[in-house]
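Right, one structure below, let's go through it.
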Amino acid sequence: MRIGIDARLYGLEHAGLGRYVMRLVEDILKLDKKNDYVLFLKKAHAEKFKNRKRVKVVVTNIPIYSFAEQTILPFIFAKEKLDLLHVPHFNAPLIYNGKMVLTIHDLIKHDSKGPETTTRNRWLYSIKRLGYLTLTNGIVGRADHI
């Protein structure tokens with residue numbers, strides 16, 4: 001199989017999610033000797049995987065939570081003709097049509113809501129919350145496995 005991993009959050013600079021993605025990628029490449037992998041990484045971490053067998057690195061500097069993540073990234077994924085894509089966060093592109101496994105780590109934003117949960121301007125908070133709910137509700141229905 002040709003398996004893609006959206007590893008743009010790879011690295012300790014992304015805290016818990018970064019550590020999860022780092023361990024996932026490193027351990028899966030150690031354990032799985034059968035499948036081919038396409039890693040979508042930011043340039044800062046791409047060199048580490050450049051000469052690995054069964055690994056293709058696609059430098060993908062599209063920002064997390066950006067408009068480009070929803071409009072350009074799906075085409076970058078599709079170009080690689082993946083059998084399966086793993087997105088380790090709820091920010092998967094809604095218009096990606098391939099098979100997808102999604103990891104959702106934290107649902108606190110679903111339960112915790114209202115002006116007391118943010119330091120941001122009320123309007124900005126409302127817009128960001130609407131975007132979060134639209135994305136998570138849409139992608140949960142779209143993923144093949146969670």
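Please treat every number below as a calculation from the coordinates, not as lab data. None of these values were measured; they are calculated from a predicted model. Positions of Cβ are generated from backbone atoms using ideal geometry, with glycine treated the same way; all protein chains shown enter the neighbour counts.
Values for this structure:
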{"read-out": "Highest average packing first - 52-62, 3-13, Cβ atoms within 10 Å", "value": "3-13, 52-62"}
{"read-out": "Zone residues, segment 27-67, relative to ARG19, backbone N less than 17 Å from point 7 Å out along Cα-to-Cβ", "value": "27"}
{"read-out": "Distance in nm between pseudo-label sites at VAL101 and LYS48 (7 Å out along the Cβ direction from Cα)", "value": "2.0"}
{"read-out": "Dipole moment magnitude, nearest 20 debye, segment 3-56 about Cα centre, only Lys, Arg, Asp, Glu C-beta charged", "value": "240"}
{"read-out": "Ranked packing of 84-90, 71-77, 29-35, most packed first, by mean Cβ within 10 Å", "value": "84-90, 71-77, 29-35"}
{"read-out": "Over 19 Å between alpha carbons, listed pairs LYS53/LYS99; LYS48/LYS79; LYS50/LYS99; LYS30/LYS81; LYS56/LYS79", "value": "LYS53/LYS99; LYS48/LYS79; LYS50/LYS99; LYS30/LYS81"}
{"read-out": "Principal axis box of segment 1-75, alpha-carbon based, largest edge first, Å", "value": "36, 28, 19"}
